[in-house]
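Working notes, structure below.
Read-outs: derived from the displayed coordinates by stated rules, not from any lab. Bear in mind that the values here come from a model prediction, so they are computed numbers and not experimental data. When we count neighbours, we look across all protein chains shown, and the Cβ atoms used for this are built from the backbone with ideal geometry, even at glycine.
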Amino acid sequence: MTQAPPKAPSVNLDDPKYYFNQQLSWLEFNRRVLHEAMDARNPLLERVKFAAIFSSNLDEFFMVRVAILKEEIEANIKKLSPDGRTPEQILNAISDNLRPLVTAQSELFEYQLRPRLADEGIHILEYIDLSDEQKAYVQNYFCERLHPLLTPLAVDTVHPFPQMSNMSLNLAVVVKDPESEEEQFARVKVPGSLPRFLQLPPELQYLPSSLKKQKGKSIIWLGIPMEQVIAHNLDTLFYGMVIQEYYPFRITRDSDIDYEDEESGNLLQAIQQVLRKRHFAGSVVRLEILKDTSEFVRNTLIQGMELEEQDVYDVEGLLGLKDLFAITGAARPDLKDPPFNPVIPPRLKPVAAQNSSDGKSQQDIFSILREGDVLLHHPYESFTASVELFITQAAYDPSVKAIKMTLYRTSSGSPIVKSLIAAAENRKQVVALVELKARFDEESNINWAQQLEDAGVHVVYGVTGLKTHTKIALVARQEGETIRRYVHVGTGNYNSKTAGLYTDLGLLTCQEELGADLTDLFNYLTGFSKQRVYRKLLVAPVSLRDRMVAMIDREIEHCKAGKAGHIIAKMNALVDKPMVKKLYEAAIAGVKIELIIRGMCCLLPGLPGISENIRVISIVGRYLEHSRIFYFQNDGDEEVYIGSADWMTRNLDRRVEAVTPVEDPKLLAELKELLHIFWDDNRNAWELQSDGTYRQRQPSPEEPDYAAQTVLMQRALKAAKG
């Protein structure tokens, strides 16, 4: 009698020890961003840029993520996160993990980047270091430009603690009445309408005598922080009083909008009303102050804004380092990444080369698409010469009868919006779904919506209760006796600015089944359709989750049948617990899983008996990795998908998303090659460890640097020449 093999011990995949906290994972991502500012291999102004990005990221983190945690604590919500923490425990862990990072960033700028900038002729000076001539200019600037804008606000029994706007930079001032000897507290806001740094005019662009010992190149920028301009002229604001002390401080407010009136039938009006309150209504969730701020000022601010000590972050040096973006524009190209101009996609060269702004050319993009699908990869390939060209030609082509597309975030002066307006003026049916709830772009999207409506475009705002995040466009064109549909399905927004900063993919095609799917999807978005079955498109919240789970289960079954199973997935974030759990099940069954996840990842690789078959990397480089690719080996009958959705609960269950298969064998092979290029990165790739930390890959001594983004730039240039 043959003895049956012992059964594998059952594993409780709901155990919190198998999950990493989502918020702490985000902090790990921002740590990787800060490392780019620390990495001496990067050009100086690129390092300054990453320091600014680190601060900008933190602002949003506090305005949304920390704000939600504080709301949950206030509401006494005790629900545990997948890793077993209460909201209060998460908040404490954030504070413990973040403070060393804030200190590291401050010290990096003050002791490394700022001196290096000075060596290169970019000087952010202190007021006290200026010459008498320079100080005279600053004082004159204050009197003429600043003084009329300033309103000092006293705090005493008659004057309540002032309401301060979100992300405002302020001065806390302590003055003394020389007659009564009484000390008073006041606040002065640094006007956000003016540049953060005051650049001195050309004739004053010299180093004062106190700093002439500094060696460096010729001066190309010299100025001082605006708060110092105000601080050294406070006597004009508090005439007759003695200035005892002053300290800059910066606040961050809860800016996570809750659209309580969404069901009222007027979402536009509800958002307009909430936006008016955003800058002042939310509670303060963070106070940034100088490390040497006096106890009196510190306590006055904490009490006035009803904060806890945990909400206060001490900074050494300049506050609000996201304002360093202004410095990165200095005219020193040698201190930046080498410029890269996106190439025209090879298949579209015959059209783009002869295209004009009115969409007229001898050959149209539609004839190219009838020959076969086109895969786009931005910013390596031009967004202007592909997606914008597609919409522009559709707007002016007399055979085009209708254009439908989604707008989640778009850029100022958007060529696509202009083309949609032109299409409406050319008497085509134009539908634009504008997502008003795109966080921090609500006001911009309201303006776009109103411009489009004024031009005759039919504007809709999506499905009640869901945010429309999908990136799709549909063009219906009369060809003979039939209507042919041309579509674009992408991973990124229809935004020409971010198309040069984010890596994204798009598929241009005239496949009949995808055209029919997009028609059904737009009917769902604009009308009362309850379409739940699509031919090829995977749509959230209808079919995307179930189909992804089914394809993972299929890989599991292949392994159980003694075959190989392999999944490669590239996305921005993996935080949905059911999807993490399903990947664990696949790994236990023997499926090889390779994940390329830029940001948050709640899965822990390398856990004995659980995730030894899973590896996770994150790439942080010149461009923001934003494309999503999902590959399933399927016993040799490979399937690859691209689309707008990450494996987050909100994307799978609370947003309208679209993911499309890429079936053309050449394009499928191209996507596989892309995934291998990403995976082989040894310059900008970080490998996730089983404890939730990341370790940056380093080439061996005999191995050259292999940066995926650099390889893709070189690859695009080579293809363009070929």
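Each of G84, I122, P43 was placed along the dipole of the chain (beta-carbon charges, centred on the mean Cα), and the one lying farthest toward the positive end is P43.
Other residues whose C-beta falls under 10 angstrom from the C-beta of S627 contribute a net charge of +1, scoring Lys and Arg +1 and Asp and Glu -1. When restricted to Cα atoms, the chain yields an Rg and a Dmax of 28.1, 105 Å, respectively. Modelled this way, with points 7 Å down the Cα-to-C-beta line, the labels at A516 and A669 are 3.0 nm from one another. Working from label points 7 Å from Cα in the Cα-to-Cβ sense, the D705 to I68 distance is 3.6 nm. Stretched out straight at 0.36 nm per residue, the stretch from E687 to D235 would grow longer than its current Cα-Cα span by 157.2 nm. Region 132-203 and region 645-708 have Cα centres separated by 48 Å.
Model label sites at R145 and E371, defined 7 Å from Cα along the beta-carbon direction, differ in position by 5.5 nm. Normalised by the number of residues in region 18-335, the mean separation of alpha-carbon contacts (under 8 Å, six or more apart) gives a relative contact order of 24 percent. Per residue, the average separation of C-alpha pairs within less than 8 Å and at least 6 apart gives region 467-548 a relative contact order of 22 percent. Entry for region 576-722 at q = 0.16, 0.18, 0.19, 0.20 Å⁻¹: log10 I(q)/I(0) = -1.04, -1.29, -1.41, -1.50, Debye formula applied to identical alpha-carbon scatterers, no solvent contribution.
Counted by neighbouring Cβ atoms within 10 Å, the residues D517, D254 run from fewest to most as D254, D517. Ordering 419-425, 161-167, 535-541 by mean Cβ neighbour count within 10 Å, with the highest value first, yields 419-425, 535-541, 161-167. What is the helix-to-structure angle for 44-60, meaning the angle in degrees between its Cα long axis and the longest Cα principal axis of the chain, kept from 0 to 90 and rounded to the nearest 10? It is inclined by approximately 90 degrees.
Which FRET efficiency value, to the nearest 0.05, do you get for N447 and E183 by plugging their Cβ-Cβ distance into 1/(1 + (r/R0)^6) with R0 = 45 Å? So the FRET efficiency works out to roughly 0.45. Taking Cα atoms only, the orientation of helix 132-141 departs from the longest principal axis of the chain by about 70 degrees. Contact order, relative form, for the chain: 11 percent (alpha carbon pairs under 8 Å, 6 or more residues apart, mean separation divided by residue count). Remark: the F161-Q303 segment gains 50.2 nm on full extension, using 0.36 nm per residue and subtracting the alpha carbon distance.
For the chain, find the longest principal axis of its Cα atoms and tell me its angle to the long axis of helix 295-304, 0 to 90°, nearest 10. Helix 295-304 and the main axis of the chain meet at about 50 degrees. Compared with the alpha-carbon gap, the fully stretched path from L501 to E639 is longer by 46.9 nm at 0.36 nm per residue. Cβ-to-Cβ counts within 10 Å put V487, V533 in ascending order as V533, V487, the fewest first. Neighbour counting of Cβ atoms within 10 Å sorts the residues L80, L153, L674, L24, fewest neighbours leading, into L80, L153, L24, L674.
For region 6-106, applying the loop criterion from DSSP together with a ceiling of 14 other beta carbons within 10 Å to the trypsin sites (Lys or Arg not before Pro) yields K7, R41, K78, K79. For region 40-74 versus region 509-571, the spacing of their alpha-carbon centroids is 34 Å. Distance from the Cα centroid of region 396-472 to that of region 601-635 is 34 Å (rounded to whole angstrom).
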